[in-house]
Structures are given as structure tokens and as C-alpha cells.
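Derivation of every value follows stated rules applied to the coordinates shown; laboratory data play no part. Keep in mind it's a predicted model, so treat the numbers as computed, not measured. Because the Cβ atoms are built from the backbone with ideal geometry, glycine has one as well, and the counts that use them run over all protein chains shown.
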Amino acid sequence: MTKLRKALPSIRRATLIGSGAIGLWSTLTLLVTFVPGTPPFQLVAVTFFIGSVLMLVKWYMAGQCSIERLRHPWRVWLLGVGGLFGYHAFYFAALALAPPLEASLINYLWPLLIVVFSALLPDERLRWFHGAGALMGLAGTAILVAGERGPEFAPAHLAGYVCALLAAVTWAGYSVLSRRIADVPSDSVGGFMAATALLAFAVHATFETTLWPEGALAWAAVAALGLGPLGAAFFLWDHGVKRGDIRVLGAASYAAPLISTLLLIAFGRGEATWQVAAALLLIVSGAVLAAKEMLFVRRG
């Protein structure tokens, strides 16, 4: 316990930084409403390119521009690009092959899977309150996403359900395995994003029809996406899962769809319902429960 108390300040700081990614991801749905009709892989290609430029700007301002900073073993690149591109590819495939409600519910297993997978990491111990907090978050998210009608899983959409599950496993696996390469600087995520942008552009050029956003507001939303939820968020998340409490981050990730819904309501693009209130109670309570060891350390 003494060792934990000594490490807590840095763990709390890294966890708070990682939570910044959750906050940024919460703005994703609202920002996307300003660029309707833009093909998904085209949007990923443009926004991830913007996000990768953040790395170059940081290096330039620090006088650290060098290709040497991106020289990593192929396994590191496979994990980074596979996690970022793989997740979005599976998720978009799920949305194309299954109804959005059911696909989203399955996809939102990834925070719970992060908590479960974290038990496989060295020096990590999964306690009952981590799992209980994540399950409460999942229950709140299910109520929030399902709304007034429950999910209807039909065999005809099995391929979409499998893709949604693969998306959840991919992101959870990427997040947890990133802990095993904690010595790789978070700046390297910019390189992974650049490679993901190229792959997304190739998929877009092959399967999608280009449709550029119209108007200054739409382009401002694209820029905001590239700088925030599809840009800086991945750098913050990388730092958090490598040096923070990954179990707490997993459970707290269920706050993203909740805050996203609250933002939509605030901007007149959503409606306040009892489901939102129930989700708020479950998700916040679950996050506090999962973080109880970090928030309330016994003294003496």
C-alpha cells in the first residue's frame, strides 16, 4: 500500500490526461452532424492527416524534427496502425452490415474488455469493483443507446455483429497491449495516424465516392475533428493507458456516449429523457466505483 501511495500522484496525473481523450471523443458525434454525407473513410483520411500534422508541429517547435523518432520495430507499427485503422475499418463495416443500434451496443463492449484484458498485464490486479464499475457503465450505455426500443439481433445481420465485436476487441487489445510498449513515446501515434490516413484514403478511393464538405462551418468541423476527437485524443489516450490506471480509464470510457448525448441535447440535436438520467446515474456511479482504489486510498 505504501508503494501505491508513492506512485499515486503520477498515476492520477496520467489517468487524468487519458481521460482527456474520453472528453474529446464525446464531441465526435456532435461535430460529425456538421458534415453530413461525407463518406466515412474519406473523413478518417482527412482528419487523421490533420491529427498527424500535430506531431510534426510539436517536433518543429521543439527542434526535434527527425525521421529517427519514427524508427520502431515492425511489431510496434503493426500494433499502432492495426489498432487505429483496424478499429475504424471493423466499425464502419459493422455499420454497413447491421443496424446502427445493435452494432453500437456490441461495439461499446470495448471499455469492459479493456478492464478484463488488463488482468493479463504484469503488476495489474483486477478487483471486483473494477469489473462492477465497468458493467454499470455498460448497462448505462445500453439504456442510453437503445432508447425506448430494445435491440433486435437478427441472424441476417450476423456479419455486422461479428465486425462490431471485432472492432471492440481490436480497440481493447490495442489499448492494453500499448502498455507493453510503454517505452515508445506517445508522439509515435502521429506516425501511426499518418499511415492510417493513407490506408483510409486507399479504401476511400476504391469503394467510396468523394463528397467534400460544403461551407465554412463544415470545414471548421472537419478541422475540429482532426485536432480533437480524431487527433489529439489518440495522443492523450496513449499516454493514459501506458502510465495511468488502465482499469479506471476503461470503466470511465462509458462517459463518452453519455457526454456526447448531453452535448447533442445542449445544441438542440437531442432530447432529454429518463434514459439519459438513468444512464447518467449508472455511468457516473460505475466510474467512481472503478476508481475507488485510486480516489480513496486508506492511510496508515
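For the pair residue 158 and residue 10, a Förster radius of 41 Å applied to the C-beta separation gives a FRET efficiency near 0.35, rounded to the nearest 0.05. Computed from backbone phi, the HN-Hα couplings of the stretch 87-101 come to 4, 5, 5, 5, 5, 5, 5, 4, 5, 7, 9, 9, x, x, 4 Hz, rounded to whole numbers (Karplus: 6.51 cos²θ - 1.76 cosθ + 1.60, θ = phi - 60°; Gly and Pro given as x). 3J(HN,Hα) along the stretch 155-165: x, 5, 9, 4, 4, x, 5, 5, 4, 5, 5 Hz, from the Karplus curve 6.51 cos²θ - 1.76 cosθ + 1.60 with θ = phi - 60°, whole Hz, x for Gly and Pro.
Taken as Cα centroids, the stretch 227-263 and the stretch 87-118 sit 16 Å apart, rounded to the nearest whole angstrom. GNM on the chain, alpha-carbon springs under 10 angstrom: the most fluctuating residue among 288, 248, 176 is 288.
From least to most packed, judged by other beta carbons within 10 angstrom and beginning with the fewest, 267, 34, 153, 48 follow the order 267, 153, 34, 48. Scalar couplings 3J(HN,Hα) for the stretch 55-60, obtained by applying the Karplus form with A = 6.51, B = -1.76, C = 1.60 to θ = phi - 60°, are 4, 5, 4, 4, 5, 5 Hz; x denotes Gly and Pro. Exposure proxy for 91, 60: other Cβ atoms within 10 Å of each Cβ, ordered fewest to most, give 60, 91.
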